[in-house]
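The values are calculated or read from the model by the stated rules, or taken from the named source; none is laboratory data. For clarity, every value in this text was computed on a predicted model and none was experimentally measured. Every residue, glycine as well, gets a Cβ built from its backbone with ideal geometry; the counts of neighbours run over all protein chains shown.
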Amino acid sequence: MKSGKSFELISHFAPLKYTSIPFGLFQSVRNVRDDGICSRNGISLGAQKIESIAQILDKKLAVVGIDEIHMFPEQEVENIKKLLEQGTKVIISGLDMDCYGRLFPIVRQILELGPKEVKYRRSVCEICGNPNAVYTQILKEGKPVLAGLPLVVPDDGTYIYQATCPKCFVKSNLI
Ligand SMILES: [Zn+2]
């Protein structure tokens, strides 16, 4: 997506390398496309692949960054709560809405935790080029997928993600 959310995460964590603050950046093992957090302007930062957010709990980190949160199932919100209870600062990046135009369950649950700050970025529509893309269309063999996707969609190249504006978005009428 061309929203600058990876750049946002990188700009927060890159300076921490020069401090003694224990921090870590994490990505789902489902994200096989990216190795680390890569911004479109060429800057990247290493991230550890994790199966579950539970793997971070015993690391005693002061600041934790989780990239592409929508690739985690909603039950993981319990582990985010545990991190917060430990006093860990948690910075999360990801898409908010799925390809049906609904909030991802885990994103909804995180918003219900009442985050201190939410930065909302719009992307550029990959169809018409307008800078007001708020949806993500998922394409398979060139056609919008309107039903039958698993809750957590693998990012292994089977599906193509396309940022779309409300005008270009083809909404599923099954839901
Ligand atoms: Zn558009």
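A few notes on this one:
- Checked against (1) at pLDDT below 90; (2) over 17 Å from the mean Cα position of the chain (by Cα), LEU83 passes all but condition (1).
- Being part of a strand (DSSP E or B) and either among the aromatic types (Phe, Trp, Tyr) or surrounded by fewer than 12 Cβ atoms within 10 Å (Cβ to Cβ) (or both) holds for only one residue in TYR100, TYR161, and it is TYR161.
- Residues satisfying the stated conditions in the stretch 136-154, i.e. under 25 Å from VAL29 (Cβ atoms) and free of Cβ contacts under 8 Å to residues at least 12 places away in the same chain: GLY148, PRO150
- Per-region count, the stretch 103-135, residues touching a residue at least 60 places away in the same chain (Cβ under 8 Å) and closer than 14 Å to SER93 by Cβ: 3
- If you check VAL118, VAL107, VAL170, VAL124 for being within 16 Å of the ligand (Cβ to nearest atom), of a type in the set (Val, Ile, Thr) and either under 17 Å from LYS5 (Cα atoms) or at pLDDT 95 or above (or both), only one passes: VAL124.
- Only one of LEU113, LEU84, LEU146 that is among the hydrophobic types (A, V, I, L, M, F, W, C), away from the ligand (no atom under 16 Å from the Cβ) and in contact with a Ser or Thr (Cβ under 6 Å, 6 or more places away or on another chain): LEU146
- VAL145 passes every criterion in (1) over 13 Å from the mean Cα position of the chain (by Cα); (2) surrounded by fewer than 17 Cβ atoms within 10 Å (Cβ to Cβ) apart from (2).
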